[in-house]
Every structure is written in structure tokens, then in C-alpha cells.
Amino acid sequence: MDFLLEPLAYEFFRNSLFASLMVGALCGLIGVYIVLRGMSYIGHGLSHAAFGGAVVGFTLGLNFYVGAGAMGLLAAVLINQVAKGGKIKSDAAIGIVTTAFFALGIAIISRVRTFTQSFEAALFGNILGVTSEDLTVIALVTAFTMVTVFLMYKPLLFSTFDNEAARVFGINTGIVQLMFSFILTLAIIASMNIVGVTMIAATLVIPAITARMLTDSFSRMIIYSTLIGALMGVVGMYLSYIFNAASGATIVLFGASLFCLVLLFNYIKERFILHEHIHRHGDVIHSHPHGPRHEQQDQEESGQPRP
């Protein structure tokens, strides 16, 4: 137990642990909608746009979160408008808009060489430098996102699986999409200083994909993904402390390892437990997944004794 309690004596570790716990749960929750909408690239793209906004905001003397948030939300709205007609796919719109915003930030950095602000934390994450302001922002965004998802559960669910049908049944899909873009942008802005622009996509996608392999239920997928994201954050932080490795990278590597374990578990289950068997019942021949229950049924039908 000492290796669990020893790091808690340091204030920077306690702050980092709370931040990674909240960011992991937040990204796990939002990631479900991103994965099911087939927009896994959106997190990567919006984080780049927000980085450009942070640079523009700093140039104008604005707070980091104000500049990044304004540019991130503007990018999300532009992506929706560009892809709205259907002629331009969402992935192409994401590539054009977010890359342009990121390029704007890079151009300003290359032009103005007297920055006193380092943007290294935004690019690669600096979870060990979490401030009380960062914790407050993350806590507020996490609480707001969870309340919004709870209140808009059905409209978000409907529009995620079939946007056209949702519109026919009277759901204002434009408002739903705008609200989703808003909470997604807030989640990315709150997570940028923790895991960095380069790794934020992984924290959004890995928990949701892992949860998807564990269940076919949407409500359970949300719960699993949120818990897996929180677990990634906490375990990743401890592994980072134990192995003295970069915290953001350690969190992502632990999440990727978890994904591989679940993938292996599913393969073994489908290959050796739930494999397809062809059965004959009189003149009827059919196949279905074969598990222990079916083996028992086959033995009873064939008169074979149970082991």
C-alpha cells in the first residue's frame, strides 16, 4: 500500500491525480458520442484549432481558455456548416477548418518571436503543472457536461444513431448538434493542458472503443466508457510516478494496453467459447453462437452424460 500512499504526500501529485481522474471521465463520456457518430478525428482536429486560438488569444492579451474556447467553438460551427450540404464529408471539413486554424497559430508564433508564454504544455501536456485554476475549470466543465448529457439524453441518443429520423420525429437536430459541439469544445479546452493537443484524440477514443467491445447497450457503454476513462487517468498517473515517465504518454499507453487486453479477451471468447456451431434438430439445420449453455443442451439432446 505504501506505493499508493507515498505519492499522495505531494501536492502536485494530488492535483494531477484529481485532474487526470476528471479529464479521463469527461473524455470517456464525450467519446461515446464521437465514436458512434464516426467522428473519431474531430477531437484531434478541434484540439489543433483550439491551439491556434490560444496563440491568437495570447497575442491579443486574452486568457488562454478564452482564446482557445472561442476559436474551438468557431471551428466546430464552421465544420457543421461546411458539411451540412452533404457535398463535403465531415472528415474533409474537419481537415480543412482545423488545419487552417492550427496553421494560423503556427504562423503567428513564427512571426512574433517575443512570446513569454510557452505553448509546450498545450502541445504535449503538462499534467504535473496543474494549477488550482486548471482544476476549477476542469471541475466546472465536467459537471456542466454531465448535467447536459443527462438532460439531453434522448435527443443526443436519437440524433447520434439516425439524424434524419430524429428530425422527422420533431427533434431540433441543429440545436442538438450545436450543444454537442459546445460541450465537446469545452471538454477539449479543459483537457488540453493535461494531455496535450497531440494525445487528446486517444483519451477521447480509447475508452469509448474499449467500452463498445464490452457491451452492445448504449447506456452501459456510457457508464463503462466513463469508468474506463477515469481508470486510465488514475492508473496512468501512478505508473507515470513509478516509472518516472511522461504522464500524458503513460496514460495513453495504459489505455492502449487496456484496449489490447479487451480485444484479446473478445477474440478468445469468440474463438473458443462463443464459436458458431451448426445444429440439426430433426429436419431443421441452423447455426448460432455456441457457449457452455448450448454444450449442456447438446449433451442432453444427444443423451450424453454431463462431465
| message | Of the conditions (1) under 22 Å from the mean Cα position of the chain (by Cα); (2) in contact (Cβ under 8 Å) with a residue 40 or more places away in the chain; (3) crowded, with 16+ Cβ neighbours inside 10 Å, Gly105 satisfies every one except a single condition; which number is it? | response | (1)
| remark: Among the residues of region 47-64, the number that are of a type outside the set (S, T, N, Q) and either outside any helix (DSSP H, G or I) or closer than 26 Å to Met213 by Cα (or both) is 3
| query | Does at least one position in region 21-30 carry a residue that is under 19 Å from Gly174 (Cα atoms), at pLDDT 85 or above and either buried (at least 24 other Cβ atoms within 10 Å of the Cβ) or of a type outside the set (Asp, Glu) (or both)? | reply | yes
| remark: Looking across region 176-202 at residues that are open to solvent by 10 Å² or more (accessible area, probe 1.4 Å) and among the polar types (S, T, N, Q), the single one that is nearest to Gly43 (Cα to Cα) is Thr198
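Scan Arg306, Arg220 and give me the residue that is surrounded by fewer than 14 Cβ atoms within 10 Å (Cβ to Cβ), on the phi < 0 side of the Ramachandran plot, among the basic types (Lys, Arg) and modelled with pLDDT of 80 or more.
Working: Arg306 fails: modelled with pLDDT of 80 or more.
So the residue among Arg306, Arg220 that is surrounded by fewer than 14 Cβ atoms within 10 Å (Cβ to Cβ), on the phi < 0 side of the Ramachandran plot, among the basic types (Lys, Arg) and modelled with pLDDT of 80 or more is Arg220.
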| query | Does any residue of region 110-121 turn out to be surrounded by 15 or more Cβ atoms within 10 Å (Cβ to Cβ), within 30 Å of Asn244 (Cα to Cα), modelled with pLDDT under 80 and polar (S, T, N, Q)? | reply | no
| query | Ile88 fails exactly one of the following numbered conditions: (1) closer than 20 Å to Leu178 by Cβ; (2) touching a residue at least 12 places away in the same chain (Cβ under 8 Å); (3) open to solvent by 50 Å² or more (accessible area, probe 1.4 Å); (4) not charged (D, E, K, R). What is the number of that condition? | reply | (2)
| remark: When region 239-263 is checked residue by residue, the ones that are modelled with pLDDT of 90 or more and open to solvent by 70 Å² or more (accessible area, probe 1.4 Å) are Leu253, Cys260, Leu261, Leu263
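Looking at Ser40, Ser16 in this structure, which one is hydroxyl-bearing (Ser, Thr, Tyr), open to solvent by less than 60 Å² (accessible area, probe 1.4 Å), modelled with pLDDT under 90 and more than 24 Å from Leu135 (Cα to Cα)?
Details: Ser16 fails: more than 24 Å from Leu135 (Cα to Cα).
Ser40 is the lone residue from the list that is hydroxyl-bearing (Ser, Thr, Tyr), open to solvent by less than 60 Å² (accessible area, probe 1.4 Å), modelled with pLDDT under 90 and more than 24 Å from Leu135 (Cα to Cα).
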| Scanning for something within 16 Å of the chain's Cα centre (by Cα), outside any helix (DSSP H, G or I) and among the hydroxyl-bearing types (Ser, Thr, Tyr), does region 11-23 turn up at least one residue? | no
| Of the residues Leu204, Leu231, Leu227, which is under 24 Å from Ala139 (Cβ atoms), touching a residue at least 60 places away in the same chain (Cβ under 8 Å) and touching a Cys at 6+ places or on another chain (Cβ under 6 Å)? | Leu204
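Filter region 158-175 down to the residues that are of a type outside the set (A, V, I, L, M, F, W, C) and either part of a loop (DSSP other than H, G, I, E, B) or open to solvent by 50 Å² or more (accessible area, probe 1.4 Å) (or both) and list them by number.
Selection gives Asp162, Asn163, Glu164, Arg167, Gly170, Asn172.
Listed here are the residues, each with its yes/no results for (1) charged (D, E, K, R); (2) closer than 22 Å to Ala107 by Cβ; (3) touching a Phe, Trp or Tyr at 6+ places or on another chain (Cβ under 9 Å).
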{"residue": "Val56", "(1), (2), (3)": "no, yes, yes"}
{"residue": "Thr59", "(1), (2), (3)": "no, yes, yes"}
{"residue": "Leu62", "(1), (2), (3)": "no, yes, no"}
{"residue": "Gly67", "(1), (2), (3)": "no, yes, yes"}
{"residue": "Gly72", "(1), (2), (3)": "no, yes, yes"}
{"residue": "Asn80", "(1), (2), (3)": "no, no, no"}
{"residue": "Ile88", "(1), (2), (3)": "no, no, no"}
| request: Please tell me if Phe51 is modelled with pLDDT under 85, open to solvent by 10 Å² or more (accessible area, probe 1.4 Å) and not hydroxyl-bearing (Ser, Thr, Tyr). | output: no
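The values are calculated or read from the model by the stated rules, or taken from the named source; none is laboratory data. As the structure is a computational prediction, the values presented were derived from the model and not from experiment. Don't worry about glycine lacking a Cβ; one is built from the backbone with ideal geometry, like all the others, and counts go over all protein chains shown. Protein only, heavy atoms only, side chains kept; ligands, DNA and RNA dropped before computing areas. Shrake-Rupley method; radii C 1.70, N 1.55, O 1.52, S 1.80 Å.
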